[in-house]
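Beneath this line is the structure, given in C-alpha cells, with notes to follow.
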Amino acid sequence: MRNVGRWFFGFLFVVVLAESSVAWGLEWSDAAWRDGGCPQGIEGTWVAESRSPLSGQEIEFRRDGTLLVVRSGRDLVLPVSGGMKPGEGPFVEMKIESGGSGYPPFIKIRPHLVSARDASCQIKLFRYENAARARQNRESSWDIYRRRVE
C-alpha cells in the first residue's frame, strides 16, 4: 500500500509539472516558445542570468553579422559566421571569425525556458573550444541569458 502512495504522488507531481506554464529544453518551433512571445531567432540583446558567473553581461546578436559582448570595462565586437535563425536542428550555430579574442570560437544557442510568471524568454548559450567538440556537443562552458525587452 505504501508503494501505491508513492506512485500516486509521483504521478501527481508529473501531471502538475506538465500543466505548469514553464517549459525546459525547448525547440525553436515549440508552441511554448512561439506562444510566449519569444523570437524565432536570436537577434537582439540578451542578459546573463543572475546565478551565472557572467551575471549582467550582455550579448547582442546584430543583423550585420557581428556579436557584441558587453563586459564590465571591456566590450568585444566579434564578426561571426552563421545565421541568426535556426536551421534544421535545435541550435543556432555560429563561428567567431576573430582569432585571439579570448572568446571560444564556436557557439551554439537553443531556447531554454519560457516563464509566463515573469514573461521571460531564455536561451542557453554553449561555448566550444574547437569544431570537433562542437560536433560532439562537448561544450567548454555554457550560460543562460534572458531576452532584454526594450
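Read-outs throughout are calculated quantities, based only on the coordinates presented, and are distinct from any laboratory measurement. A quick note: this is a predicted structure, and the numbers were derived from the prediction, not measured. Here Cβ is always computed from backbone atoms with ideal geometry, including for glycine, and neighbour counts include all displayed protein chains.
Residues with amide H under 5 Å of Ser120's amide H, sequence separation 5 or more or different chain, H placed in the peptide plane at 1.01 Å from N; which?
Residues meeting the amide H criterion: Ser115.
Considering only the other residues whose Cβ falls under 11 Å of the Cβ of Val47, what net charge follows from Lys and Arg at +1 and Asp and Glu at -1?
Working: positive: Arg146, Arg147, Arg148; negative: Glu49, Glu58, Glu60, Asp143.
Value of the local net charge: -1.
Along the charge dipole of the range 22-147, Cβ charges K/R +1 and D/E -1, which of Ile107, Val77, Ala132 sits furthest on the positive end?
Ala132
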